[in-house]
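The values are calculated or read from the model by the stated rules, or taken from the named source; none is laboratory data. Fair warning: this is a prediction, and the values are worked out from it, not measured in the lab. No Cβ is skipped: glycine too gets one built from the backbone with ideal geometry, and neighbour counts run over all protein chains shown. Note: areas computed on protein heavy atoms with side chains; ligands, DNA, RNA excluded. Shrake-Rupley method; radii C 1.70, N 1.55, O 1.52, S 1.80 Å.
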Amino acid sequence: MTAQPEYDVHIIGGGLAGSEAAWQLARRGLRVRLSEMRGTGERSPAHQTDGLAEMVCSNSFRSDDDEKNAVGLLHHEMRRCDSVIMAAAAKAQVPAGSALAVDREVFSAEVEARLQSLPTLDIVRERIDTLPDSGLTIVATGPLTAETLAGSIGKATGSDSLAFFDAIAPIVYHDTIDMDICWKASRWDKPSKFGGEAKDYINCPMDKDQYLAFHQALLDGEKTAFKEWEANTPYFDGCMPIEVMAERGVDTLRFGPMKPVGLDNPHWATEEHPNGRWAYAVVQLRQDNKLGTLWNMVGFQTKLKHAEQVRLFRTIPGLEKAEFARLGGLHRNTFLNSPVLLDRQLRLKSAPHVRFAGQITGCEGYVESAAVGLMAGLMTAAELGGLVWQGPPATTAMGALLSHITGDAEAESYQPMNVNFGLFPPLHEVKKKQRKEAYTERAKEDIGAWLQTLAPAA
């Protein structure tokens, strides 16, 4: 009987994150077992092929502008880290203006060919049903993790289930909110849980006519349809789409997420009412990150199409010029409450031999998933080499994304997030029109210095 080979690291999942992690580790001479379920006769509901790093819902890595766009900056940083995903994308690139789009079949084949060329990497077509009890492991099984493994992860994390509709509310950049119309307050002036004044929420007031028009627009707005494999997954009670709530009656929202009671609008103060008056309805935004640059529209998960969301939500008083870091949605997803469950090195606090990478950590998008896989690989390589891991600075795209996932996001409202400049430490001294260029310039300097701390590839 042939003895099982020994590996330094076991990676579960051969998507973009798992493939990138495997590349970073095996390029440094470490022995890696990459387990991928597809190729055994099984697939997730979304996948069509058995190829590694299959892109299932788009062929685009979005903007490639590394001077004014956060995802383009992430491309730049990953290229400097010798990313296999970025290298394969260059080989498979197709015309798409300033975006980076690829031929999906060429891209997947190129990633797989590059991984197969590494002598210390074994790609094994097998289904893994449980988290390993020991041995360094990276779980990169994506947003549609197989039910058996999801159950094992659920037991390890204390969650009942990880397969559900992911209710995503839009997120607004703070500096695009008109505070001459909006105001900060908590309902009934309840003290902030952080102490001090009761200003946990930004409130956007509506009069009756504005509310009725908004309610009708929700009913009339064009919605996206669920995919066939999502259709029978029930909503959680707490994440009903806002347009579904609107269908239940004209006042449903006013007694739900748009409840105005207990919120005196100081902009409407009079001699008779010096504290202000209640609006007919109120849209509330809750701080979404520790920097205070991103604010979540409370209760506004939706299936409205993105263009409809932008048009409709800009009719809300105070949000007429709002820019969105993320728009709303509902879809089946599997992800961890990473700010609670993972440490700063993506390790499961209850089982630190296990790291998570990719979309299962709560990042959103192909590039972000691959970037988290890249960092998981580098962290694991440092651990095996006996080195002290120094993460990329929060001023870089990779560092900002990692910081958000592993502790800087608000755990109570944690939802999947794309990389965006709202995750970066702000540059208040720079004029607003110049901030994007300033963010990228700072990041490029800082990523260069950080690269000097990494163990080189073999």
Which listed residue, of ASP82, ASP8, ASP103, is under 23 Å from GLY399 (Cα atoms) and among the acidic types (Asp, Glu): ASP82
Residues of the stretch 342-352 satisfying the condition of being more than 18 Å from ALA397 (Cα to Cα) and open to solvent by 10 Å² or more (accessible area, probe 1.4 Å): ASP343, ARG347, LYS349, SER350, ALA351, PRO352
Could you give every pair whose Cβ atoms fall below 9 Å, whose first residue belongs to the stretch 249-274 and is open to solvent by 30 Å² or more (accessible area, probe 1.4 Å), and whose second residue is part of a loop (DSSP other than H, G, I, E, B) and among the acidic types (Asp, Glu), counting only separations of at least 6 or pairs across chains? HIS267/ASP180; HIS273/ASP264
Of the residues in the stretch 409-421, those that are part of a loop (DSSP other than H, G, I, E, B) and among the aliphatic types (A, V, I, L, M) number 1
Taking the stretch 293-330 and keeping residues within 23 Å of GLY262 (Cβ to Cβ) and small (Gly, Ala, Ser) leaves GLY299, GLY318
Quick one: VAL94 ticks every box in (1) surrounded by fewer than 19 Cβ atoms within 10 Å (Cβ to Cβ); (2) modelled with pLDDT of 95 or more bar one, so which box is it? (2)
For LEU121, indicate whether it is open to solvent by less than 10 Å² (accessible area, probe 1.4 Å) and touching a residue at least 12 places away in the same chain (Cβ under 8 Å). no
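Okay, residues lined up against (1) assigned to a helix (DSSP H, G or I); (2) at pLDDT 95 or above; (3) of a type in the set (A, V, I, L, M, F, W, C); (4) open to solvent by less than 40 Å² (accessible area, probe 1.4 Å):
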| residue | (1), (2), (3), (4) |
| --- | --- |
| GLY292 | no, no, no, yes |
| GLY299 | no, no, no, yes |
| THR302 | no, no, no, yes |
| ALA307 | yes, no, yes, no |
| LEU312 | yes, yes, yes, yes |
| VAL340 | yes, no, yes, no |
| VAL354 | no, yes, yes, yes |
| ILE360 | yes, no, yes, yes |
| THR380 | yes, yes, no, yes |
Number of positions in the stretch 132-170 that are within 16 Å of the chain's Cα centre (by Cα) and modelled with pLDDT of 90 or more: 3
When you look at ASP65, is it acidic (Asp, Glu), more than 30 Å from LYS432 (Cβ to Cβ) and open to solvent by 50 Å² or more (accessible area, probe 1.4 Å), yes or no? no
When you scan the stretch 383-395, do you find a residue that is in contact with a Leu (Cβ under 9 Å, 6 or more places away or on another chain), modelled with pLDDT of 95 or more, open to solvent by less than 30 Å² (accessible area, probe 1.4 Å) and assigned to a helix (DSSP H, G or I), even just one? no
Whichever residue in the stretch 422-457 is open to solvent by 100 Å² or more (accessible area, probe 1.4 Å) and part of a loop (DSSP other than H, G, I, E, B) and, among such residues, is nearest to TYR173 (Cα to Cα): HIS428
If a residue must be at pLDDT below 95, surrounded by fewer than 18 Cβ atoms within 10 Å (Cβ to Cβ) and under 21 Å from LEU312 (Cβ atoms), how many such residues does the stretch 174-216 contain? 0
Contact list please: Cβ distance under 7 Å, first residue in the stretch 361-378 and without any contact (Cβ under 8 Å) to a residue 60 or more places away in the chain, second residue among the hydroxyl-bearing types (Ser, Thr, Tyr), pairs at least six apart or on different chains. THR361/SER338; GLY362/SER338; GLY362/TYR414; CYS363/SER369
Counting just the residues of the stretch 275-290 that are among the hydrophobic types (A, V, I, L, M, F, W, C) and in a loop (DSSP other than H, G, I, E, B), which one comes out most open to solvent (accessible area, probe 1.4 Å)? TRP278
Sort out which residues of the stretch 362-388 are under 15 Å from GLY14 (Cβ atoms) and among the polar types (S, T, N, Q), and write them in order of number. SER369
Please pick out the residue among LEU304, LEU294, LEU263, LEU285 that is more than 29 Å from LEU401 (Cα to Cα) and among the hydrophobic types (A, V, I, L, M, F, W, C). LEU263
The stretch 294-337, residues that are out of contact with any Gly (no Cβ under 9 Å at 6 or more places or on another chain) and of a type in the set (Gly, Ala, Ser): ALA307, GLY318, ALA322, GLY328, GLY329
